[in-house]
Number of protein chains: 2
Amino acid sequence: MKTTTLLIFSLLFSLNLFGQQENKQIVRLAKLVIDSAQLESYNAFLKDEIEASVSLEPGVLTLYAVAEKDRPSHITILEIYADEEAYRKHIQTPHFIKYKNGTRDMIRSLELIDTTPLVPGMKIK
Amino acid sequence: MKTTTLLIFSLLFSLNLFGQQENKQIVRLAKLVIDSAQLESYNAFLKDEIEASVSLEPGVLTLYAVAEKDRPSHITILEIYADEEAYRKHIQTPHFIKYKNGTRDMIRSLELIDTTPLVPGMKIK
């Protein structure tokens, strides 16, 4: 009886841990409108920042940036961080600070939208 | 001299092919607003459709769906298809048709936005 109870508790505990792990991810949409006259320069800054972040930071799971074909200055970034801590570290990196300072005057608007993924753990093949 | 010319042409040709391959991907944002009263049912349909598409169709590279935390009925899907042909096949699959017919009356608005990825080939770790 004792063993069964222990087993049930262990199971509940591991399920809970698993659930928490899933929930720890930060999944966000960043929506930006860029000054058209500075778009090329902005895109170069963003590309550098994304490539550095994804290759150097294990906790930056993706930064998938797209520009609308009909309005190339309208950019959306799907940002996935492993957890709060990974995000906090990210915004203190030299490459992020370089991007932030370098693009300040190019960004017309920035909206950060916290989201919940429908299928956590979804990848890109 | 002839060999050099041939080499240059081969190089240009392969660069062009490479460029075309990158450009063949279809990368799109789908923005949906769902009838709040039917959101749970809609999400179940969408989850089934995404899981079937990504596991059964090699040309569906991702369907990353997120719901806004503050407005859960506002859904954005990052859709990546290998090429036009993969997309055409996708919308003829039984699982897509089931989703389309099953959710028709749940969708308040649907906007499909063609996009260009800033870093083609970006993955999710």
For the stretch A:60-69, 3J(HN,Hα) per residue [Karplus equation, 6.51 cos²θ - 1.76 cosθ + 1.60, θ = phi - 60°, Hz, x = Gly/Pro] | 8, 7, 6, 9, 9, 9, 10, 10, 5, 4
Residues with amide H under 5 Å from that of residue B:118, placed H, sequence gap 5 or more | A:65, A:66, A:67
Other chains' Cβ within 10 Å of B:65-74 residues: what's the mean?
-> 4
Across the stretch B:105-117, in residue order, what do the Karplus-derived ³J(HN,Hα) couplings come to in whole Hz, using 6.51 cos²θ - 1.76 cosθ + 1.60 with θ = phi - 60° and x for Gly and Pro?
-> 8, 9, 8, 7, 8, 9, 10, 10, 10, 6, 9, 10, x
The relative contact order of the stretch B:24-115, taking Cα pairs under 8 Å that sit 6 or more residues apart, comes to a percentage of 50
Copy-to-copy label separations for residue B:93, where each label sits 7 Å from Cα toward Cβ, in nm and ascending | 3.3
Averaged over peptide A:75-81, how many Cβ atoms belonging to another chain are found within 10 Å of each residue's Cβ?
-> 3
Taking the label point as lying 7 angstrom from Cα along the Cα-to-Cβ axis, what are the distances from residue B:119 to the corresponding position in the remaining copies, in ascending order and in nanometres?
-> 2.3
Considering only the label points, 7 Å along Cα→Cβ from Cα, what distances in nm to one decimal separate residue A:47 from the same position in each other copy, shortest first?
-> 3.9
Cross-link partners of residue B:100 among lysines (Cα-Cα below 21 Å; sequence separation of 8 or more within a chain) = B:31, B:47, B:89
Can you pull the mean other chain C-beta count within 10 Å for peptide A:28-37?
-> 1
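No lab work stands behind these numbers, since they all come straight from the coordinates. Remember, it's a predicted structure, so these values are computed and weren't measured experimentally. Backbone-built Cβ (ideal geometry, glycine too); neighbour counts: all protein chains shown.
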